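Computed from the coordinates by the stated procedures, all read-outs in this text should not be read as laboratory data. The model shown is predicted, which means the values in this text are computed figures rather than measured ones. Positions of Cβ are backbone-derived with ideal geometry, glycine not excepted, and every protein chain shown enters the neighbour counts.
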Amino acid sequence: MTYENILVETQGKVGLIHLNRPKALNALNDQLMTELGQALVKFDADPEIGCIVLTGSDKAFAAGADIGGMAELSYMDVYKGDYITRNWEQIRSVRKPVIAAVAGFALGGGCELAMMCDFIIAADNAKFGQPEIKLGIIPGAGGTQRLPRAVSKSKAMDMCLTARMMDAVEAERAGLVSRVVPLERLLQEALEAAIVISSMSLPAVMMIKESVNRAYETTLAEGINYERRLFHSTFATEDQKEGMQAFLGKRLPVFKNI
Ligand code: CAA
């Protein structure tokens, strides 16, 4: 498949997607989001792929939804066209882990896209923000919902209401990102994490993703029960036998993803 706004490659068992609209700081237009959804679905269905990395350029992960493409839209255009939801939510259906490797600006929809991923590794030059209020709009791809869950109500309010940017150090302190690394290490760090994940049992990987995400949708008691059911079900896999026998035999496990 050929894409115009993203670059797609595989590195071993890792699917790597680069957002690629450098002249517009990777502003997320309709076509880019459709292409991204297609690439994600393809990697998700590929049995050779165990983890996906999504990245941008050194200057911008993505500077938000494409303002030029939105400026003249009417209420009916966005409402009837299901604007944003239509092709932005594809990433939520992906069952394999998606790591966001963020350098430079991750603003508006760019920050929201990073937050849709399973975890964020940031370069030391990363800047996160929800500046929609400066455009007379509000975040439209989860900013007011995922940001408070990630960094607390107070910081989310501050970011969304003042439009100020958060640097990588503050983002790590606040819990938005899992690690901060020097810019030149970013992609390598994300790929290494993805390679580690890809070497694990894929059913266990997918269950962990499902179970952690469940924590955001349910009560603690329900979530614990849900986790317990999934935990029990791992004992129906060959990988559980292999993982435990390998530990007891003091050797590395060879998972078959079954
Ligand atoms: N949409 C369209 N084009 C954009 C863009 C965006 N979100 N962000 C940057 N660009 C374009 C600029 O128009 C410029 O294009 P030209 O060279 O053709 O003029 C090019 O990218 C480079 O940008 P700047 O010259 O502005 O670069 P800078 O380094 O001076 O500033 C910036 C960088 C601070 C990120 C600035 O570009 C900026 O503020 N961008 C807009 C950020 C924003 O408001 N994002 C939210 C969008 S709305 C949204 O995302 C809704 C939602 O919730 C889904």
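So between His232 and Thr34, what do we pick up on full extension, going 0.36 nm a residue minus the alpha carbon distance?
Contour length minus the Cα-Cα distance gives 67.5 nm.
Could you give the angle, 0 to 90 degrees to the nearest 10, between helix 30-45's Cα long axis and the longest principal axis of the Cα atoms of the chain?
With both axes taken from Cα atoms, the answer is about 0 degrees.
Filter the trypsin sites (Lys or Arg not before Pro) in the stretch 89-189 to those in DSSP coil with at most 14 other Cβ atoms within 10 Å of their Cβ, and list the result.
Counting only loop positions with at most 14 other Cβ atoms within 10 Å, the trypsin sites (Lys or Arg not before Pro) in the stretch 89-189 are Arg95, Arg164.
Which far-off residues, 5 or more places away or on another chain, put their amide H under 5 Å from the one on Val181, with H placed in the peptide plane?
Amide H neighbours of Val181: Ala122, Ala123, Asp124.
Show me the GluC sites (Glu not before Pro) within the stretch 1-48 that DSSP assigns to loop and that have at most 11 other Cβ atoms within 10 Å of their Cβ.
Glu4, Glu48
Roughly what % antiparallel, to the nearest 5, for the DSSP beta bridges in the stretch 6-198?
The antiparallel fraction comes to roughly 25 percent.
Could you give the angle, 0 to 90 degrees to the nearest 10, between helix 153-162's Cα long axis and the longest principal axis of the Cα atoms of the chain?
With both axes taken from Cα atoms, the answer is about 30 degrees.
Ranking Met206, Met159 by Cβ neighbours within 10 Å, fewest first, what do you get?
Met206, Met159
Please state the shape class of the chain: rounded when a/c is under 1.5, otherwise prolate if a/b exceeds b/c and oblate if not, all from the C-alpha gyration tensor.
The shape class here is prolate.
Going through the cross-link list Lys23/Lys127; Lys42/Lys127; Lys59/Lys153; Lys23/Lys155; Lys96/Lys241; Lys23/Lys96, which pairs have a Cα-Cα distance over 24 Å in this structure?
Over 24 Å apart, Cα to Cα: Lys42/Lys127; Lys59/Lys153; Lys23/Lys155; Lys23/Lys96.
How high is the relative contact order of the stretch 74-137? Use alpha-carbon pairs under 8 Å, at least six apart in sequence, and give a whole percent.
31
In degrees, nearest 10, range 0 to 90: what is the angle between the Cα axis of helix 238-248 and the longest Cα principal axis of the chain?
Approximately 70 degrees, to the nearest 10.
Could you tell me the relative contact order of the chain? Use alpha-carbon pairs under 8 Å, at least six residues apart, and round to a whole percent.
Across the chain, relative contact order equals 16 percent.
Can you give the longest run of the chain that contains no chymotrypsin sites (Phe, Trp or Tyr not before Pro) sitting in a DSSP loop with at most 12 other Cβ atoms inside 10 Å?
1-215
Taking other Cβ within 10 Å of each residue's Cβ, how do Arg228, Arg21 sort, fewest first?
Arg228, Arg21
Please give the net charge around Asp44, taking every other residue with its beta carbon less than 9 angstrom from that of Asp44, where Lys and Arg add +1 and Asp and Glu add -1.
+2
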